[in-house]
Amino acid sequence: MALHRTNGELFTERRSIDDAVFNSFEKSDHGSRVLRRGRKFGRITKHKLSRWIFLLTALLSILLTVYGLKMFFQAKMESKFSTIPHSIQEERNLQENIVVSDDGKTSKENIVVSDDGKTSKENIVVSDDGKMSKGKRRKHFPCEVGLLESVDGLVEPKNYTNFTWFSLEYVDREDRTSKIDLFEPRFGGHQTLEERETSFYAKNQTLHCGFVKGPPGHPSTGFDINEKDKAYMYRCKVAVSSCIFGSSDFLRRPTSRLMSQYSKDNVCFVMFLDDQTLSKLSSEGSSPDEKGYIGLWKIVVVKNLPYEDMRRTGKVPKFLSHRLFPNSRYSIWLDSKMRLNSDPMLIIEYFLWRRKAEYAISNHYDRHNVWEEVLQNKRLNKYNHTAIDEQFNFYQSDGLPKVDPSKPNDPLPSYVPEGSFIIRAHTPMSNLFSCLWFNEVDRFTSRDQLSFAYTYLKLRRMNPERPFQLYMFKVNF
């Protein structure tokens, strides 16, 4: 019986079968050539195949080794941080605050803002659901915000309202100055430079702050809301608001499961939309219910937008929440790209009550000087260069420095807001600052990061005895 050896083992009958096949080929020269070529081709293929298998095996081994080391060190780091006692971790968090007050003292703060909207803890305040290209995604590592666990027993501190107090009234209507003037009513009014200068004083006064009507017989200047929605907004004591105009974004609902029943019953969640955006949402299956809600959002439709520039129109609800919610004591603003992932009352406690601040706003994640922001706006062509130059020539002539006057070698302190998340107490000083900031956006460019530092520093400079308690915190995207 013939034997055939394969991998060191002997198999019966194989050799006789192979001989029979090969003998049939040997009967002709053509068959012999085919046989020889086949054997040569087989030897080459086996040699190359073994080489490729070796290379792939080596590469796989390297990848597994690198991945194993990465997981080992990651687990080691996580276990290291998880062993930090809560009191020590909380102390470290408090050491990360950026508090801006009139004495110029600063510290640091980080607030968690995630890209995917996933929340493992309630102290992730907001999430950025906006999609960015891989090449432009910023690498930041989030840190925890020490929110309270629950709203149970939450009470406004007795000494919290110890702020600067004065009375503010707002220009409601402007009349034609003369019969020959070409007068056109404007939502922001026609504030003179003299009126603008005196409006920076923290005193009893009447100032321009949007919603300015024209003389009788002239059409509305814009941002018209129906009476039923106005009545709802007048009843609000705490308001969370956002807006989408011109179908520029999609609707992100607050994470309902993370909101307390108290906030669901007592906080107004208002989303301002125009007809175009509402139509788009409805076509996508997100229509308001019979009470006008989409999720927690109360949908308020704005007619007759006051500006052609949708960015400038968005500054109305962003800055003038004290005008839209006149009886509200607190308000929270978040850009439409954000999703609210924490209870509003816990946010107010952390950012205002605990810091004894009346205005809290997110600091810019990247730029720390307003003059850097000017260059970046020009570099990316975010606004007309001539308009930006006119604005900052005016600001520089009015005392906006490029460096800290007390430290000539240091750039201007970090007063560039990211501005997507604002928490406010509706105090006179907070309301005044909001009006002043809005008036700058109405007069100059709609890029609010450009006018923030000037407005804040001028307000502080002109009221040395009346502090404005501003709290700026860092945001990680």
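Residues that are within 26 Å of Arg354 (Cβ to Cβ), of a type in the set (A, V, I, L, M, F, W, C) and not in a helix (DSSP H, G or I) within the stretch 420-463 comprise Phe421, Ile422, Ile423, Ala425, listed in sequence order. Could you go through the stretch 467-477 and let me know if any residue there is assigned to a strand (DSSP E or B), aliphatic (A, V, I, L, M) and modelled with pLDDT under 90. Looking through the stretch 467-477, at least one residue is assigned to a strand (DSSP E or B), aliphatic (A, V, I, L, M) and modelled with pLDDT under 90.
Reported count of residues in the stretch 381-412, each being at pLDDT 80 or above and of a type outside the set (Lys, Arg), is 20. On the basis of being open to solvent by less than 50 Å² (accessible area, probe 1.4 Å), of a type in the set (Gly, Ala, Ser) and under 23 Å from Gly246 (Cβ atoms), does Ser342 make the cut? The answer is no for Ser342.
Among the criteria (1) at pLDDT below 95; (2) open to solvent by 10 Å² or more (accessible area, probe 1.4 Å), the one Met462 does not fulfil is (1).
A residue that is open to solvent by 100 Å² or more (accessible area, probe 1.4 Å), modelled with pLDDT under 95 and within 28 Å of the chain's Cα centre (by Cα) occurs somewhere in the stretch 147-158. When Phe250, Phe211 are checked against the criterion of being closer than 23 Å to Lys280 by Cα and hydrophobic (A, V, I, L, M, F, W, C), Phe250 stands alone in meeting it.
Would you please name the residue that is farthest from Tyr234 (Cα to Cα), looking only at residues in the stretch 247-290 that are of a type in the set (Gly, Ala, Ser) and open to solvent by less than 70 Å² (accessible area, probe 1.4 Å)?
Among them, the one singled out is Gly285.
Determine, yes or no, whether Glu227 is modelled with pLDDT under 95 and of a type outside the set (S, T, N, Q). Against the criterion (modelled with pLDDT under 95 and of a type outside the set (S, T, N, Q)), Glu227 does not qualify.
Could you tell me whether the stretch 234-244 includes any residue that is open to solvent by 30 Å² or more (accessible area, probe 1.4 Å) and β-branched (Val, Ile, Thr)? Checking the stretch 234-244: not a single residue is open to solvent by 30 Å² or more (accessible area, probe 1.4 Å) and β-branched (Val, Ile, Thr). Scanning the stretch 302-350 for residues that are over 17 Å from Val270 (Cα atoms) and not aliphatic (A, V, I, L, M) yields Asn304, Pro306, Tyr307, Glu308, Asp309, Arg311, Arg312, Glu349, Tyr350. Sort out which residues of the stretch 175-203 are assigned to a loop (DSSP other than H, G, I, E, B), open to solvent by less than 60 Å² (accessible area, probe 1.4 Å) and modelled with pLDDT of 95 or more, and write them in order of number. Answer for the stretch 175-203, where residues must be assigned to a loop (DSSP other than H, G, I, E, B), open to solvent by less than 60 Å² (accessible area, probe 1.4 Å) and modelled with pLDDT of 95 or more: Phe187, Gly188, Gly189, Gln191, Ser199, Phe200, Ala202. Being closer than 26 Å to Val316 by Cβ and either touching a Cys at 6+ places or on another chain (Cβ under 7 Å) or not basic (Lys, Arg) (or both) is a description that applies to Ser287. For the stretch 291-301, the set of residues classified as assigned to a loop (DSSP other than H, G, I, E, B) and either farther than 27 Å from Leu258 by Cβ or open to solvent by less than 50 Å² (accessible area, probe 1.4 Å) (or both) consists of Gly292, Gly295, Leu296, listed by residue number.
Residue-wise test of (1) open to solvent by less than 80 Å² (accessible area, probe 1.4 Å); (2) within 27 Å of the chain's Cα centre (by Cα); (3) within 30 Å of Arg329 (Cβ to Cβ).
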| site | (1), (2), (3) |
| --- | --- |
| Tyr359 | yes, yes, yes |
| Ser362 | yes, yes, yes |
| Leu375 | no, yes, no |
| Asn384 | no, yes, no |
| Pro408 | no, no, no |
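Go through the residues of the stretch 210-217 one by one and say whether even a single one is under 30 Å from Glu290 (Cβ atoms), surrounded by 12 or more Cβ atoms within 10 Å (Cβ to Cβ), under 29 Å from the mean Cα position of the chain (by Cα) and touching a residue at least 60 places away in the same chain (Cβ under 8 Å). Among the residues of the stretch 210-217, at least one is under 30 Å from Glu290 (Cβ atoms), surrounded by 12 or more Cβ atoms within 10 Å (Cβ to Cβ), under 29 Å from the mean Cα position of the chain (by Cα) and touching a residue at least 60 places away in the same chain (Cβ under 8 Å), which makes the answer yes.
Only a single item in (1) modelled with pLDDT of 95 or more; (2) under 21 Å from Gly222 (Cβ atoms); (3) surrounded by 15 or more Cβ atoms within 10 Å (Cβ to Cβ) is not met by Asn304, and it is number (3). Do we find a residue being farther than 30 Å from Phe269 by Cβ and surrounded by fewer than 18 Cβ atoms within 10 Å (Cβ to Cβ) anywhere in the stretch 413-423? No, every residue in the stretch 413-423 fails to be farther than 30 Å from Phe269 by Cβ and surrounded by fewer than 18 Cβ atoms within 10 Å (Cβ to Cβ). Scanning the stretch 153-162 for residues that are closer than 28 Å to Gly210 by Cβ and in contact with a helix residue (DSSP H, G or I) (Cβ under 6 Å, 6 or more places away or on another chain) gives a single hit, Tyr160.
The values are calculated or read from the model by the stated rules, or taken from the named source; none is laboratory data. Computed from a predicted structure; not experimentally measured. Counting neighbours? That spans all protein chains shown, and the Cβs are built from the backbone with ideal geometry, glycine included. For the accessible areas, the whole protein counts, side chains as well, though only heavy atoms, and no ligand, DNA or RNA atoms are used. Shrake-Rupley method; radii C 1.70, N 1.55, O 1.52, S 1.80 Å.
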